[in-house]
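**Q** Dumping the structure here so I can ask a few things about it.
Quick note: the coordinates plus some simple rules give every number you see, no bench work behind them. Predicted model, so just to flag it, every value in this text is computed and none were measured. Note that each Cβ is placed from the backbone with ideal geometry, even for glycine, and that neighbours are counted across all protein chains shown.
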Ligand code: SF4
């Protein structure tokens, strides 16, 4: 639904002229074809729904949402492990706010807090470290989650804890790496994708080189993208241009922030503190080999999994939740049976509804676009 | 937690620990700037901040554009600013 209906959203853009030109060129190149592109990063998912890009783009372009929402991919069992640590006597358990409401097999960290566990929100791992220095007689644990964007922060905090001998501080490490997840999706038989809108801030850290196996081995284009609506539109156009011109490359639309070599200092900090786990469970995607990090043995003193009893029990996702399908881009959020009824941001059943970067929450929060889109579809259907 | 927010370096607070004070939309808090030091860092420079760490230097034009875009997010940006305000990195 290009033309009048979708284009009306464009008027709300800061630069409607550029957006209009981009959409026209996308429309011309896409023609009557059909192109499925995955935006890997939850930040892009948010932009797409907030600005109604899915409605602005022609029907030939289908944007499917990827697994790049850090909160969404943490399996329930790990939430239960976190709660078990948080309930240990003498522990102050620190976490990013988003993780508080994520349901485990038996409640969330917020529930554990209500039950008397000392769970505290922190903005940064360095805030967790400060809490440790302020409470020398308590054990302070930081719940580390996130992709390569967040991992260096945990790494640098660990290096400082070690250098300063802050020995009542430890990290429950759940850092994941995006590339093995992309590979798992490419290898999954129910997924047919023509290309990837690559994550912007992850690439700020890892650079553009680690993506080259995608065009080389899977013959798919990658365009690393910024977060503004114009950035995403331009990235879609760049993907189409590659396909039409028969090129398969990693291109960088977000060159104003992302460099080819990434941030070498950040990579070094990760390398000094963490190593790959043989495998790690992702919510919805199952076990993916070499897809997550744990602390190096040299840092065992700061490793919560070494210092505390972690149950490590696998908990199956609730049956009604289709987060796995959403995270793989197999279904759209609104195709889940409980979307917007039993599952809402106030009472999330799955993680995709908890984080504002989760596809279900983003779609729910910006439903006004969805409704207008549905209306337009219905009208179109009626006149067809 | 996943938003990268632009801020302007106000002062260098602790050279050894790579801590600088950074102003985000009027809120000034300490941030670790060690990851961008190889590029050189001066008072007045703009950086992109993620969970209390500067992950990249950006120019003023990019900073303004990103701030404009984030403000359009409304509640989500307010939340991020509140989180930043709550930080007490030393
Ligand atoms: S709507 Fe809720 S239950 Fe359905 S996939 Fe999304 S998060 Fe899971």
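**Q** How big is the gap, in Å, between the Cα center of segment A:12-27 and the Cα center of segment A:52-70?
**A** One Cα centre to the other: 16 Å.
**Q** Across all directions of projection, what mean area in square nanometres is found for the Cα convex hull of segment B:1-44?
**A** Average projection, Cα convex hull of segment B:1-44: 3.3 nm².
**Q** Over chain A, what is the percentage of antiparallel beta bridges among all DSSP beta bridges, to the nearest 5?
**A** Of those bridges, close to 20 percent are antiparallel.
**Q** Work out the P(r) tail for segment B:5-85: percent of alpha carbon pairs separated by more than 21 Å, whole number.
**A** Here the long-distance tail beyond 21 Å is 20 percent of all Cα pairs in segment B:5-85.
**Q** Specify the residue with the greatest mean-square fluctuation among A:78, A:307, A:283, computed from a Gaussian network of chain A linking alpha-carbon atoms under 10 Å apart.
**A** A:307
**Q** Given Cα pairs under 8 Å that are at least 6 residues apart, what percent is the relative contact order of chain B?
**A** Across chain B, relative contact order equals 30 percent.
**Q** Sticking with this one: By count of other Cβ within 10 Å, fewest leading, how are A:108, A:153 ordered?
**A** Lowest to highest Cβ neighbour count: A:108, A:153.
**Q** How much of the DSSP bridge set in segment A:103-180 is antiparallel, in percent, rounded to the nearest 5?
**A** 10
**Q** Which residue, B:39, B:14, B:59, has the most motion in a Gaussian network model of chain B that connects Cα atoms within less than 10 Å?
**A** B:39
**Q** How many partner chain Cβ atoms sit within 10 Å of a residue's Cβ in peptide A:328-338, on average, as a whole number?
**A** Other-chain Cβ atoms within 10 Å of each residue's Cβ, averaged: 0.
**Q** Hey, another quick one. Given an 8 Å cut-off on Cα distances and at least 6 residues of separation, report the relative contact order of segment A:174-304 as a percent.
**A** That works out to 28 percent.
**Q** On to the next question. Measure nothing fancy, just the Cα-based angle from helix B:75-86's long axis to the longest principal axis of chain B, in degrees from 0 to 90, nearest 10.
**A** 30
**Q** Evaluate the Kirkwood expression for the hydrodynamic radius of segment A:178-272, namely the inverse of the mean inverse distance over all pairs of different C-alpha atoms, and round to one decimal in Å.
**A** About 13.7 Å, per the Kirkwood formula over Cα pairs.
**Q** Please report the projected area of chain A's Cα convex hull averaged over all directions, in nm². Mind showing how you got there, number by number?
**A** Working: hull surface 76.9 nm².
Its average projected convex-hull area is 19.2 nm².
**Q** In peptide A:123-135, how many Cβ atoms from other protein chains are near each Cβ within 10 Å, on average? Don't jump to the answer; show the numbers that get you there.
**A** Details: counts 13, 16, 5, 12, 9, 0, 2, 5, 1, 0, 1, 2, 0.
The shielding value for this peptide is 5.
**Q** Would you list A:319, A:113 from fewest to most Cβ contacts within 10 Å?
**A** With the fewest neighbours first, A:319, A:113 line up as A:319, A:113.
**Q** What is the Cα centroid distance between segment A:175-199 and segment B:1-56, reported in whole angstrom?
**A** If we compute the Cα centre of each part, the gap is 32 Å.
**Q** Please report, to one decimal in angstroms, the Kirkwood hydrodynamic radius of segment A:132-215 built from all distinct Cα-Cα pairs. Mind dumping the intermediate values first?
**A** Values: mean 1/r = 0.0651 Å⁻¹.
15.4 Å is the Kirkwood radius here.
**Q** Binning at 5 Å from 0, report for segment A:66-114 what percent of all alpha-carbon pair distances ends up in each bin.
**A** All Cα pairs, binned at 5 Å, distribute as 5, 22, 34, 23, 11, 4, 1, 1 percent.
**Q** Taking neighbour counts of Cβ atoms within 10 Å as a proxy for exposure, in what order, fewest first, do A:321, A:72, A:360 appear?
**A** The most exposed by this proxy come first: A:321, A:72, A:360.
**Q** Running a GNM on chain A with Cα contacts under 10 Å, which residue among A:107, A:200, A:77 ends up with the highest mean-square fluctuation?
**A** Top of the fluctuation ranking is A:107.
**Q** If you count, for every residue in B:32-38, the Cβ atoms of partner chains within 10 Å of its Cβ, what is the mean?
**A** 5
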